[in-house]
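Remarks on the structure that follows.
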Amino acid sequence: MLTGARYVWGGALLALCWFSQPGVERLPPAAELGRTLPTLALQGVVLSYLGTVFWYQSIARLDLGRATAIVVPSIPVLSLGASWLLVGEVASGRQWVGLAVTLAGVLFFVMAPQAKPVASAISRRSRRSSHSDPAPRRGCG
């Protein structure tokens, strides 16, 4: 629910910002806009939906900190790759160094041994204590 609201409010605010700026008159003709708008809307919905599904699947498989540490630094890397593929932009030396450092950091983090999730450690601890102590525990301990 909140994810959907984020997309709706974000889209509405971006549209308001765009309409408040000069340049709205540079829209394509109405006939062309009528043909392309459904395709653009479908593309936005599908890509937003897939992005959200993949994000929540990664959180389900990894912990939130690990998923965030992999995804967030990957955004500039993917943007650089997309700008090269789509418009032929070539990265500067400084950007290549940043790309290498970012990729090395993400790779290091991905290859690091995964810490045991807290929930499974707690459940194992409670199972061990329930087998060794038959009396039920009361209170905060």
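Taken together, the values in this text are just the output of simple stated rules run on the coordinates, not laboratory data. Just so we're clear, the structure is a prediction, and the values are computed from it rather than from any experiment. When we count neighbours, we look across all protein chains shown, and the Cβ atoms used for this are built from the backbone with ideal geometry, even at glycine.
Things to note:
- Along segment 44-51 the Karplus relation, 6.51 cos²θ - 1.76 cosθ + 1.60 evaluated at θ = phi - 60°, assigns HN-Hα couplings of x, 5, 5, 5, 5, 4, 5, x Hz to successive residues, with x for each Gly and Pro.
- Full-stretch length increase - GLN21, ILE70 - with 0.36 nm per residue and alpha-carbon distance subtracted: 14.1 nm
- Each residue of segment 65-79 was assigned a 3J(HN,Hα) from its phi angle through the Karplus expression (A = 6.51, B = -1.76, C = 1.60, θ = phi - 60°), giving x, 5, 4, 5, 5, 8, 6, 4, x, 6, 4, x, 5, 5, 5 Hz with x at Gly and Pro.
- Fewest-first sequence of ARG26, ARG6, ARG66 by Cβ atoms within 10 Å of each Cβ: ARG26, ARG6, ARG66
- For segment 80-92, 3J(HN,Hα) per residue [Karplus equation, 6.51 cos²θ - 1.76 cosθ + 1.60, θ = phi - 60°, Hz, x = Gly/Pro]: 5, x, 5, 5, 5, 5, 7, 10, x, 5, 9, 6, 7
- Neighbour-count ranking [beta-carbon atoms within 10 angstrom, fewest first] of THR102, THR39: THR39, THR102
- Shape call, segment 63-115: gyration tensor on alpha carbons, a/c limit 1.5: prolate
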